[in-house]
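Engineer: Below: one structure in structure tokens.
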Amino acid sequence: MPTWFAYTMVVLLLITSVLLTLLILLHRGKGGGLSSMFGGGVSSSLAGSSVAERNLDRYTVLVGVVWFASIVGIGLWLKLQMAAGAS
């Protein structure tokens with residue numbers, strides 16, 4: 001595989017890592033714990049918040065799948081590079 005593939009996978013991994021971190025931090029805390037200590041336990045009822053939460057869940061899962069796929073892509077590229085170097 002060409003070198004540009006590895007660079008593309010690394011850039012994709014970095015972007016999705018930042019996005020995944022931000023998306024996870026946007027989620028509302030479900031239990032008590034530390035999130036309620038810092039004001040996360042305050043509940044506010046906004047119209048349509050369930051739709052926003054579902055969309056946030058979907059985006060988080062999508063970015064997580066892309067993140068995982070980029071890790072697998074980098075691993076496969078490294079494996080192919082090692083196999084090409086050994087022969």
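The values are calculated or read from the model by the stated rules, or taken from the named source; none is laboratory data. Predicted, not measured: the structure shown is a model, and the values here were computed from it. Areas reflect the complete protein model, heavy atoms only, side chains present, ligands, DNA and RNA absent. Shrake-Rupley method; radii C 1.70, N 1.55, O 1.52, S 1.80 Å.
Engineer: In whole Hz, with x marking every Gly and Pro, tabulate ³J(HN,Hα) for the range 12-21 from phi via Karplus 6.51 cos²θ - 1.76 cosθ + 1.60, θ = phi - 60°.
Structural biologist: 4, 5, 5, 5, 5, 5, 5, 4, 5, 4
Engineer: Rank these by accessible area, largest first, 1.4 Å probe: Trp77, Trp4, Trp67.
Structural biologist: Of Trp77, Trp4, Trp67, the descending order of accessible area is Trp4, Trp67, Trp77.
Engineer: Would you kindly state how much longer the chain becomes between Val11 and Phe68 on full extension, computed as 0.36 nm times their sequence separation minus their alpha carbon distance, in nm to one decimal?
Structural biologist: Gain on stretching Val11 to Phe68: 19.2 nm.
Engineer: Further question: Multiply the residue separation of His27 and Val61 by 0.36 nm, subtract the distance between their alpha-carbon atoms, and state the gained length in nm to one decimal.
Structural biologist: 11.0 nm
Engineer: How large is the accessible surface of Leu26 in square angstrom, using a 1.4 angstrom probe and rounding to the nearest 10?
Structural biologist: Accessible surface of Leu26 is approximately 120 Å².
Engineer: Just how much of Met9 is accessible, in Å², when a 1.4 Å probe is used and the result is rounded to the nearest 10?
Structural biologist: Accessible surface of Met9 is approximately 30 Å².
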